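See below for the structure under consideration.
Computed from the coordinates by the stated procedures, all read-outs in this text should not be read as laboratory data. Here the structure is a predicted model, which means the values were calculated and not measured. Quick reminder, even Gly has a Cβ in these numbers, built from the backbone with ideal geometry, and neighbours come from all protein chains shown.
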Amino acid sequence: MTTAVSAMAERSIWSSGVTLAVIAAICASLVALTWQLTAERIEANEKEWLARSLQPALAGLFFDSPVTESMITITAPHDLPGTEDAIIYRVYSGEDPVAALFIVSARDGYAGPIRFLVGIAMDGTVTGVRVLQHRETPGMGDRIETHKSDWVLQFDGLSLRDPEPRYWAIKGDGGQFDQLTGASVTPRAIIKAIRVTLAYFEVNRDAIFAAPAEVQE
Ligand SMILES: Cc1cc2nc3c(=O)[nH]c(=O)nc-3n(C[C@H](O)[C@H](O)[C@H](O)COP(=O)(O)O)c2cc1C
């Protein structure tokens, strides 16, 4: 009797175990299937978001290439601003290069590095500057953000010849650019980083467009 009861209990435990294992396997398959179905959509959304974020630094340019698919990484150390790897997106109209979009870091911000975009057309003029990330003080250095002030818009259309490199400085240092009232450390860092990026583009323009694009994950 006792043996029959324990055999039944054992069968019951086994069948519960098998049922649980089957349910777990079904759930795991469903999760894997859902992930597979949504991964492509997520990747497309991420690319669209990145392309939209890059767009403001390419104002006034005609281009028809998917910017996010022409990325190259310049491994640190390099001659661009910042100690981390720099990213460059090449921008084309058909086969013709029309601009390069740099993601660089100004090292000497007031509260740390300032990561920002600089778009440069083939003739060496700035097509746009947009700050992506910073820790500058609210109400002071954070006026480098376009929704707080127009400060970064003053670089549009300028180059290393207009003004000459020595005038790439705030007015207080003898340059041509407006400073932010009570916050001149932040503007100095950005102006210097733009000037260095323009100089890098001038020297490395051909190599930038000759490099093969990296495959995006
Ligand atoms: C709490 C605090 C936060 C500050 N934040 C900034 C800032 O974000 N950017 C900046 O350029 N200066 C900032 N400053 C001001 C700088 O210390 C400096 O006085 C200012 O940039 C003016 O520099 P100048 O004397 O060369 O004109 C801050 C100062 C204090 C006390």
Rounded to whole angstrom, the alpha-carbon centroid of the stretch 35-65 lies from that of the stretch 158-217 at a distance of 25 Å
Between D108 and V203, the two model label points (7 Å from Cα along the beta-carbon direction) sit apart by a distance in nm of 1.8 nm
Counting every C-alpha pair in the stretch 56-210, the percent lying more than 18 Å apart is 55 percent
With 0.36 nm assigned to each residue of separation and the Cα-Cα distance removed, R41 to S149 gains 35.4 nm
CD proxy, 222 nm, the chain: helix-only mean residue ellipticity via -39,500 (n - 2.57) per DSSP H run with n ≥ 4, per residue, nearest 500, stands at -13500 deg cm²/dmol
On the formula 1/(1 + (r/R0)^6), with r taken between the Cβ atoms of M122 and T83 and R0 of 30 Å, the FRET efficiency rounded to 0.05 is 0.60
